[in-house]
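The values are calculated or read from the model by the stated rules, or taken from the named source; none is laboratory data. This one's a predicted model, so the numbers in the text were calculated from it and none came from an experiment. Reconstructed Cβ throughout: ideal geometry from the backbone, glycine too, with neighbour counts over all protein chains shown.
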Amino acid sequence: MHRLIQDHLEEVLAASRMGSSNEGSEASAHLAACDECRREVEAMHEHADVLRKLRADVEPRAGFYARVMERIEAQGPISIWSVFSESPFGRRIAIAAMALALVLGLYLVTSEEMSDRTTTFAVAGEDQPGLVLTPSGPPDRDSVLVNLVTYREQ
């Protein structure tokens, strides 16, 4: 097939299918003169006719579209939670994540309670011997050293 027909193939096929031919166009003039291109276009028409005949005009049974819509609605939207709830592996991961969250939460709660219960020792002063328990903030270095020195002297 020549380049001229390839460039205007859709127009040539549409014109011959409608029954009208563009007599003034270059493509129709070329088809009138070239046997090779005319045979290929006729073969394309034959193939199109065969394909049209193969298409079955079958009507679906009554209620087909309703059944399809029911199936679509029954499936529902897919969410991330369905992955965890429907597969055994997903359930195991979810249970392990919840257990980890529980353990970490308990650790944080108990570590805060333990830090609240601990009391730091501070020296009452030079005129009072011994140690006095006074709750205070985090122990500073000097008070800890003074506590160790007074402990060794007793």
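Of all residues being of a type in the set (Asp, Glu) and outside any helix (DSSP H, G or I) in the range 21-60, which is nearest to LEU4 (Cα to Cα)? Just the residue, please. Taking the candidates together, the pick is GLU23.
For the range 28-69, the set of residues classified as surrounded by 11 or more Cβ atoms within 10 Å (Cβ to Cβ) and more than 30 Å from ALA14 (Cα to Cα) consists of ARG67, VAL68, listed by residue number. Scanning the range 71-101 for residues that are more than 22 Å from the chain's Cα centre (by Cα) and surrounded by 11 or more Cβ atoms within 10 Å (Cβ to Cβ) yields a single hit, ILE95. Of all residues in the range 71-90, none are of a type in the set (A, V, I, L, M), without any contact (Cβ under 8 Å) to a residue 40 or more places away in the chain and closer than 30 Å to VAL12 by Cα.
Taken together, GLY19, GLY76 contain a single residue that is at pLDDT below 75, within 30 Å of ILE95 (Cα to Cα) and out of contact with any Pro (no Cβ under 8 Å at 6 or more places or on another chain), which is GLY76.
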